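Asker: There's a structure below that I have some questions on.
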Amino acid sequence: MPKNLVIVESPAKAKTIEGYLGKDFQVMSSYGHVRDLAKGDKAIDIQNGFEPIYEISDDKIEVIKTLRKLAEDAETIWLATDDDREGEAISWHLLQALEIDELKTKRIVFREITKKAILKAIENPRKIDIDLVNAQQARRVLDRLVGYEISPILWKKIKAGLSAGRVQSVAVRFVVEREREVEQFASTSHFKIKALLTTKAGKTFTASLPKDLPVEGDAQSFLETCLPASYQVKNIEVKPGKRSPAPPFTTSTLQQEASRKLGFSVSQTMAVAQRLYESGRISYMRTDSTSLSEFALTSAGDAIVGNYGAEYHELRQFKTKSESAQEAHEAIRPTEFTVQNIGGENQEQRLYELIWKRAIASQMADAQLEKTIATIGISTTDVTLQATGEVIKFDGFLKVYLESSDVEEAEDDDNKILPAMLVGEGLGFNWMKATQRFTRAAPRYTEASLVKKLEEMGIGRPSTYAPTVTTIEKRGYVAKESRDGKKREYRELTLEKGNIKAITLSEVFGAEKNKLFPTDIGMVVNDFLVKFFVEIVDYTFTASVEKEFDEIANGKKNWHKMIDQFYHGFHQSVEKTQNVDRSEVQKSRELGKHPETGQSVVVRLGRFGPYVQIGEAEEGAKNLNASLNKTQRMDTITMEEALELFKMPRPVGEFEGKSMVVGIGKFGPYVKHDSNFVSLPKDADPYTISEAECTELIGNKRVSDANKLIKTFEANADVKVLNGRYGPYVVIGKQNVKIPKGKKPAELTLEECLALGAEQADKPAKPKGKWGKKK
């Protein structure tokens, strides 16, 4: 047996490290945490200083048995979990669960999985840092107390199955408050003035009025003033400028840029980054530091000089703004700056290239710019137009990378480059337009911009951002959705060829792509917590708790005392809410009286979501009610919109002797025919779609289904060979079965399909949780 046992969190990490160590080392995985707080309300001994009671997770019992046996036979056990609080806690739990001698146990840490880093860690072992462990314990205990004491109250007062979390509830509050801010925003309009002019050399460019005009009458008057005008260059100002590169990635900024540039969700970004880290491609991906090691600075500099030239290199060391950041840790960077293309899986290559470009760019020279501002005089008024242009004199870091922004692009871009012109030069006039534009509300959050907000407010840490966002979506408090925009009219006045022409145009505005919307249940729960547990969803309080965790991690605070100080005030709030009447929780809203029957029309939150009800519920009577559409909400739906819901389901005619009915379900509008459902396309209106259109949709669906079917079996109708999104597969009842390479789907027999199903069903289940994922 090998003399040394190395324990890490994930099999992928274990495989990479084992390749760097000799035959005397065996590397095994714990598959994440091996112990957690006991289930139920007995997990924390509140009377005994909030002492946590841990138990080995059901799915880790066999893992612990295996590791115990290997630990008994090994001379030295190396605990090589991640270099952060979670990793430290995993090592500590392993020490306890394996019941191994501390004297033959060594803790090693590294922030990249390379041979050099692993061997250096082996040469510099240390003991488990109990302060880091205690900070993790404090977070886990406090969050369990919050969840287990508030959740039963939510079940009693609102709806069964609900839960609350310290950081998650604050994240939901951000989304709810932004939604209400958007809804209450009153847009105002203004008119932008832009003119197309021509130099003596025949080159055209645009110039704008620096100040917008408030109403159409002002725009009309200004254009009338310009009717007989001539135009002349009054002044040209040339200003040198520069742009500096952004620092290398932290966890938060990586999630934001991967969202903007690659369209990744925050959880997807972290999953791909985890694979890159475990395969030795990047440094540790949970960090809030922007600093780089001396080795990384030298390596990046060599790569820049070699690829672009010495004039492109500028040594930079960024200081992290976050008070809690550990400068000893590094930003996210490639382990080898000479490698830009790693090949393999597409997502991994794209994210790696983003990390490589950002890290390389951070060590490159500023981009040198030249900004030109031309002031254009109008002969009939003292008001002037302005034209701007920008020229890049030296590209510097822009040769590699430019950071994206969450701010929407300006509707009227400046000229990139202005044509040559002289002061005093007369200009030709082509046209001038006054276009109506509208102010916008603050944008709804994306997953990445919500993470940015949490970081700015000091709420959460790199290891918690992605789980927080994922949790509030899974709990149904927040939904990530794309929504179509609405049409609106706007006015445009054009001065051209001595005439002013005014027209009304239309545009689509307010389209949303992958934005976070609060659900009705999310808003009800948020309002309840804000009213009765304000300290839990208070931004400054939540941020101050994070600072206390940092103090515990630095050995400056006792974690038991910190929990004790929190708990007593919190528990008093819990006891007070026991007396809160359910009627105080806003779960229904009366919209008014039905125009025909005079009955009350009420929107309520029910077991299966929000719905509208006409009349009071009477025993034995069938209630007249209808579910809200996906885009409708309890607090904003109008009487008119509510009454429209009762028009569904709507009979539209017959096809093949059977009725067709249009309705709106959980997944949108549909047409039902002969127990089959066909989704309506996005541009189809369920309230007006015709019989002929429904018939066509049903026919198209039949063709699509026929193309999907490869093979059926008379002897067993439950078995089919189908074409799927990712290729052919076998369906056996509710089981989906992969078809091995080399097998031709159309030639599979019933016996072969059943054998494949049995073989794949017998495969042992993987341990719960993704490799390397910390529970």
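The values are calculated or read from the model by the stated rules, or taken from the named source; none is laboratory data. This is a predicted model, so every value here is computed, not measured. Positions of Cβ are generated from backbone atoms using ideal geometry, with glycine treated the same way; all protein chains shown enter the neighbour counts. Surface accessibility is based on the protein's heavy atoms, side chains included, excluding ligands, DNA and RNA. Shrake-Rupley method; radii C 1.70, N 1.55, O 1.52, S 1.80 Å.
Asker: Within segment 702-720, track down each residue that is closer than 17 Å to Gly733 by Cβ and in contact (Cβ under 8 Å) with a residue 12 or more places away in the chain. Outline the logic, then answer.
Answerer: Step one: filter segment 702-720 for residues closer than 17 Å to Gly733 by Cβ, giving 709, 711-720.
Matches in segment 702-720: Leu709, Lys711, Phe713, Ala715, Asn716, Asp718, Val719.
Asker: Out of all the residues in segment 454-487, which are assigned to a loop (DSSP other than H, G, I, E, B) and free of Cβ contacts under 8 Å to residues at least 60 places away in the same chain? Please lay out each step first, then the result.
Answerer: At the first step, the residues of segment 454-487 found to be assigned to a loop (DSSP other than H, G, I, E, B) are 457-464, 475-477, 484-485.
Selection gives Gly476, Gly485.
Asker: Another one. I'd like the full set of residues that are in a loop (DSSP other than H, G, I, E, B) and either more than 28 Å from the chain's Cα centre (by Cα) or not hydroxyl-bearing (Ser, Thr, Tyr) (or both), limited to segment 221-268. Spell out how you get there, then give the answer.
Answerer: So the first thing to find is which residues in segment 221-268 are in a loop (DSSP other than H, G, I, E, B), and the list is 226-230, 244-248, 250, 263-265.
The answer is Cys226, Leu227, Pro228, Ala229, Ser230, Pro245, Ala246, Pro247, Pro248, Gly263, Phe264.
Asker: Criterion first (of a type in the set (Val, Ile, Thr), closer than 24 Å to Thr464 by Cβ and either out of contact with any helix residue (DSSP H, G or I) (no Cβ under 8 Å at 6 or more places or on another chain) or open to solvent by 60 Å² or more (accessible area, probe 1.4 Å) (or both)) does Ile90 satisfy it?
Answerer: On the way: of a type in the set (Val, Ile, Thr): yes; closer than 24 Å to Thr464 by Cβ: yes; either out of contact with any helix residue (DSSP H, G or I) (no Cβ under 8 Å at 6 or more places or on another chain) or open to solvent by 60 Å² or more (accessible area, probe 1.4 Å) (or both): yes.
Answer is yes for this residue.
Matching residues to (1) touching a strand residue (DSSP E or B) at 6+ places or on another chain (Cβ under 7 Å); (2) polar (S, T, N, Q); (3) over 17 Å from Leu454 (Cα atoms):
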| position | (1), (2), (3) |
| --- | --- |
| Ile536 | no, no, no |
| Thr540 | no, yes, no |
| Val545 | no, no, no |
| Phe549 | no, no, no |
| Asn554 | no, yes, yes |
| Asn558 | no, yes, yes |
| Asp564 | no, no, yes |
| Glu575 | no, no, yes |
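Asker: Could you tell me how many of the residues in segment 600-617 are within 14 Å of Phe646 (Cα to Cα) and not in a strand (DSSP E or B)?
Answerer: Total satisfying the criteria: 1.
Asker: Is there a residue in segment 696-707 that is modelled with pLDDT of 90 or more, out of contact with any Pro (no Cβ under 7 Å at 6 or more places or on another chain) and hydrophobic (A, V, I, L, M, F, W, C)?
Answerer: yes
Asker: Can you find a residue in segment 35-57 that is among the β-branched types (Val, Ile, Thr) and touching a Gly at 6+ places or on another chain (Cβ under 7 Å)? Full working, then the answer.
Answerer: Of all residues in segment 35-57, those among the β-branched types (Val, Ile, Thr) come to 44, 46, 53, 56.
Filter again for touching a Gly at 6+ places or on another chain (Cβ under 7 Å), leaving none.
No: segment 35-57 contains no residue that is among the β-branched types (Val, Ile, Thr) and touching a Gly at 6+ places or on another chain (Cβ under 7 Å).
Asker: Let me ask you something else. Got at least one residue in segment 680-702 being in a helix (DSSP H, G or I), closer than 17 Å to Val601 by Cα and in contact with a strand residue (DSSP E or B) (Cβ under 7 Å, 6 or more places away or on another chain)? Spell out the reasoning first.
Answerer: So in segment 680-702, the residues in a helix (DSSP H, G or I) come out as 691-702.
If we keep only those that are closer than 17 Å to Val601 by Cα as well, we get none.
Taking every residue of segment 680-702 in turn, none turns out to be in a helix (DSSP H, G or I), closer than 17 Å to Val601 by Cα and in contact with a strand residue (DSSP E or B) (Cβ under 7 Å, 6 or more places away or on another chain).
Asker: Return the pair list, or none, for Cβ contacts closer than 6 Å from residues in segment 381-406 that are under 30 Å from Pro247 (Cβ atoms) and open to solvent by less than 50 Å² (accessible area, probe 1.4 Å) to residues that are at pLDDT below 90 and among the polar types (S, T, N, Q), at least 6 apart or on different chains.
Answerer: Taking only residues 6 or more apart or on different chains, the pairs are Gly389/Asn415.
Asker: Please specify each residue of segment 203-214 satisfying the condition of being over 18 Å from Thr388 (Cα atoms) and either in a strand (DSSP E or B) or more than 39 Å from the chain's Cα centre (by Cα) (or both).
Answerer: The first filter runs over segment 203-214 and keeps only residues over 18 Å from Thr388 (Cα atoms), leaving 213-214.
The one that is over 18 Å from Thr388 (Cα atoms) and either in a strand (DSSP E or B) or more than 39 Å from the chain's Cα centre (by Cα) (or both): Leu213.
Asker: Right, here's the next one. For Val146, state whether it is open to solvent by less than 30 Å² (accessible area, probe 1.4 Å), closer than 30 Å to Thr577 by Cα, at pLDDT 95 or above and under 33 Å from the mean Cα position of the chain (by Cα). If you could, list the steps in order and put the result at the bottom.
Answerer: Working: open to solvent by less than 30 Å² (accessible area, probe 1.4 Å): yes; closer than 30 Å to Thr577 by Cα: yes; at pLDDT 95 or above: no; under 33 Å from the mean Cα position of the chain (by Cα): yes.
The answer is no for Val146.
Asker: Of the residues that make up segment 120-136, is at least one of a type in the set (Lys, Arg), open to solvent by 40 Å² or more (accessible area, probe 1.4 Å) and in contact with a strand residue (DSSP E or B) (Cβ under 8 Å, 6 or more places away or on another chain)?
Answerer: Residues of segment 120-136 of a type in the set (Lys, Arg): 120, 126-127.
Pick out the ones that are also open to solvent by 40 Å² or more (accessible area, probe 1.4 Å) and you get 120, 126-127.
Now restrict to residues that are in contact with a strand residue (DSSP E or B) (Cβ under 8 Å, 6 or more places away or on another chain): 126-127.
Yes, segment 120-136 contains at least one residue that is of a type in the set (Lys, Arg), open to solvent by 40 Å² or more (accessible area, probe 1.4 Å) and in contact with a strand residue (DSSP E or B) (Cβ under 8 Å, 6 or more places away or on another chain).
Asker: State all residues of segment 230-255 that are of a type in the set (S, T, N, Q), open to solvent by 10 Å² or more (accessible area, probe 1.4 Å) and in contact with a Lys or Arg (Cβ under 9 Å, 6 or more places away or on another chain); if no residue qualifies, say none.
Answerer: Ser244, Thr253, listed by residue number.
Asker: Limited to segment 526-576, what total is found for residues that are assigned to a helix (DSSP H, G or I) and either among the β-branched types (Val, Ile, Thr) or at positive phi (or both)? Give the derivation first.
Answerer: Restricting attention to segment 526-576, the residues satisfying the condition of being assigned to a helix (DSSP H, G or I) are 526-532, 539-553, 559-576.
From what is left, the residues that are either among the β-branched types (Val, Ile, Thr) or at positive phi (or both) are 530, 540, 542, 545, 552, 563, 574.
Residues meeting the conditions: 7.
Asker: While we're here: Six or more apart or on different chains, Cβ atoms under 7 Å: show the pairs whose first residue is in segment 544-569 and small (Gly, Ala, Ser) and whose second is assigned to a helix (DSSP H, G or I) and at pLDDT below 95.
Answerer: Matching pairs, first to second residue: Ala553/Arg85.
Asker: For segment 629-644, name all the residues that are of a type in the set (A, V, I, L, M, F, W, C) and under 21 Å from Glu177 (Cα atoms). Don't jump to the end; show me each part of the working.
Answerer: Keep residues of segment 629-644 that are of a type in the set (A, V, I, L, M, F, W, C), which gives 634, 637, 639, 642-643.
Passing the criteria: Met634, Ile637.
Asker: For Thr439, are the conditions met, namely being at pLDDT 95 or above and either open to solvent by 20 Å² or more (accessible area, probe 1.4 Å) or out of contact with any Phe, Trp or Tyr (no Cβ under 8 Å at 6 or more places or on another chain) (or both)? Working first, answer last.
Answerer: Numbers: at pLDDT 95 or above: yes; either open to solvent by 20 Å² or more (accessible area, probe 1.4 Å) or out of contact with any Phe, Trp or Tyr (no Cβ under 8 Å at 6 or more places or on another chain) (or both): yes.
Yes.
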